[in-house]
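Heads up: the structure comes next, in structure tokens.
The values are calculated or read from the model by the stated rules, or taken from the named source; none is laboratory data. The shown structure was predicted, so the numbers you read here are calculated from the model rather than taken from an experiment. Because the Cβ atoms are built from the backbone with ideal geometry, glycine has one as well, and the counts that use them run over all protein chains shown.
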Amino acid sequence: MKHISEIIEDILVEWAYRVHDGMPNPKNAQHIQELRESMEELNLPNKVIYEVIQNLINEQDDDEEKVTFNHDGETHTVTKKTARQYASDINQGDDSEYKSAAVKAANLDGKDTKKDKEDDSGKLSGDDFDTEKYMGVKSDKEDKPDDDKLSGDTDETSKVSKTLLQAPPEKESTSARNKRRQQINEETDKIIKQSKGDMQVVSNLINKRRETLDKMWDVPAGGGGSLVGEVYGGVSAEEVAHNSDMSEDEFVENKLNRLKGPPKTALYEKLETAAKGTKPPTNPDKYVKDWLSVSYKTGKSEVDYLESEPKFKYKKPQTKPMPVGVTMDYNQRQVVVSTLESKLEEAKKSGNKKQVAHYEKQLRYVDKLEDTDTGLLYETTDGMIGFKHTSNKKGWDAPHNNASVRSKGERIKKISEIVGQQNNLSTEDTKKMQKKLNNIIDEGADIVDNAEKVVEKDMENVNTDEFAKNNAEVFNHLGRGRAANINYVERTRQEPSVRKHLEEQGINPDEADNEQLMKACVELVKSGKATADIKKMILKTSDLVESVNKLKTKGLAKTGPMSDEQIAEHLDLPLSVVKSLQNPINDKIKETSRKRKNSMEVAHEKIVSGMLDSDAELGEEKGESYYPNPKDADNGPHTQTYVNSFMEEIHFTRYIDGELEGVQSINIDGTNVTPQHFRGCLGELSGFDGESETPEGKEALKTHLRKKMRVSPDGTSISFDTKNKQGENIEVGKEVYRTKGNAKSILAHLGKDIQDCLKKKAAEK
């Protein structure tokens, strides 16, 4: 999870990059627009974008607004901004009469004035950058404990309770949030070090943090369901390790009661809201149970893997309270680091070289970890503490990486130097290759960016009221096919920008009907303020419009043109919706979705053809033959570089190298997949003849994949394919260029064939 300070830095860098002279000016309207687009590109929530800009505007107003006050018989004038600084100085102990008079005149002296409330209303909390906050979770002030201890606290761990167990302020600045977190981590580190890494102390600290996560205080990014999966997956591992006979039903019922209460936890309330937003609405208890079931399976799978993989040296049975499950947020990561550091310190004092080497290795691994996810602290057979990290993926089709176009360019720069050396390219040719590849990627990303703008373009001349009225009922039927469980009406209702838009018009978002919600979507699209989720409403409507029109004019091969009644039956839609979709008001959008998809295809074709053309040009200069001329030739240097960038983004290179073996596994949909599984599948699927368990073999496998993994456009994605020894085409991975808002990002996914291979190997005992 990215630190808030890093997010702010990213915003400033992106903003400076966009303005013509690299010097953003908050008083310049165009620069403010560039700021908005910068934050959209970084996928920040609409609430954050709005309030950051609003705060900037208010700050400029404060620069102009004057405050007049009397002091020592004289009249003085300062700006409102200066008065705010004086108020801050007073809070820090600088309580001069002059400053106090200015602050009082500006109504900033703590009096509950209407102006004060207005001034404070737009300030961002640090937690506003965390998407968990936008799903309607209520404040948990009422759950604030009356004392400083959690259940199970020791005298040592109670020292940190006062800080950890206080709900973060609703209006917490970034610096205050960082300071608070730092304080918690410093106290945590001190407690663990003083206890010399006592695992009971460590366990109590983790349980302390779990209780605050149940309250939804300072939660990591991700959905409520994923938080349950991660937190209670650790709890499951702890309990299964000491009670292998515990059934799934027993675990699920027990934890449901913990979450549901009474009193009902904020985490349960969040999941309850999510359950009501499904289509049809799901029983909240069932919804929570489904996530707890995933938790149970995850924990059991973790313990089974630790017991079966000799490299972990997992002691059985574990000495309680081990193993200890951790969710690697800001505080629990600190717990892991402090525990390992304390053990290292003790090993150095005793002169135990074996233990010193073990803990130094563990700490290097933790330091390298880019993913947060979850982990287990456990007891080894030789009396040490081990740490196993797990990279959690919700499903086999989930992306394994989400990289910006800019970061891909940096990765290509590094990789091209290696590929250039392996292909005997000069420094000049290598630099040319870097430049060409970055230009190709940028051009493709620009095409995708333009594809996303087709929604605004097609909607600009549509009558808003007529469109919303006609498609109000259609709104109920957008969640079809794979997304049939999604209630798009309720999802739209909870979208922050939609809620704000409705409130500005005096409409209660919770009482808005379909027509009002659809109208809000259209108006936001036309204004250029629509998020990707809002545009999706138009795109899905477009898909339905196109489907109905095709069936009406061409029908199916067996039927020919179809009647409205036949279409309604075929698409499982009410007849009234079929008729609404044919209304001329929808003519403007009947091709919107297809035009967007076609643009994506064009982008991917351009990227792939650009690489192949560049290789052909280089081959002609060097007298070399590269794929596809002839078909069995090796990839050229440009393609090799691009293939390797994908392999790094999806972590194939990490798995092949075995960097994190003995410390990390990958849990996909409750299944533990190991680096060895990846090496085996990549070798088998690509027709690699060598072995892949020695350092030389691992390097040979990476070289083989660079040369033999073909890159081809595949509709809305780029496919990475190989041929097995039988000559069959094998999909290893796929890459999707997309925008969200105006953000250009690249998603890396596992291909269908490697998914099947990994499932098979994971099932083998």
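When you look at S599, is it in contact with a helix residue (DSSP H, G or I) (Cβ under 7 Å, 6 or more places away or on another chain), among the polar types (S, T, N, Q), under 24 Å from D446 (Cβ atoms) and surrounded by fewer than 23 Cβ atoms within 10 Å (Cβ to Cβ), yes or no? So S599 fits the description; yes.
The residues listed here are L660, L571, L612; of these, the one that is at pLDDT 90 or above and out of contact with any Gly (no Cβ under 7 Å at 6 or more places or on another chain) is L612. Meeting the requirement of 1 or more residues that are touching an Asp or Glu at 6+ places or on another chain (Cβ under 6 Å) and not small (G, A, S), the helices (runs of 4 or more DSSP H) wholly within the range 602-694 are 637-649, 675-685.
For the range 706-718, the condition holds for no residue, the condition being that it is of a type in the set (V, I, T) and farther than 30 Å from G610 by Cα.
Can you give me the number of residues within the range 384-414 that are outside any strand (DSSP E or B), of a type in the set (D, E, K, R) and buried (at least 20 other Cβ atoms within 10 Å of the Cβ)? Give the derivation first.
Initial filter on the range 384-414 (outside any strand (DSSP E or B)): 384, 394-400, 405-414.
Now restrict to residues that are of a type in the set (D, E, K, R): 394, 397, 406, 408, 410-411, 413-414.
Checking the rest, the ones that are also buried (at least 20 other Cβ atoms within 10 Å of the Cβ) come to 408.
Count: 1.
Scanning the range 268-287 for residues that are β-branched (V, I, T) and either in contact with a Gly (Cβ under 6 Å, 6 or more places away or on another chain) or modelled with pLDDT of 85 or more (or both), we see that the one that is surrounded by the most Cβ atoms within 10 Å (Cβ to Cβ) is T282.
Here the range 720-747 is the region considered, the condition is being under 23 Å from G683 (Cα atoms) and among the hydrophobic types (A, V, I, L, M, F, W, C), and the residue that is modelled with the lowest pLDDT is F720. When L517 is tested against the conditions (1) surrounded by fewer than 17 Cβ atoms within 10 Å (Cβ to Cβ); (2) within 30 Å of L42 (Cα to Cα), the lone failure is (1).
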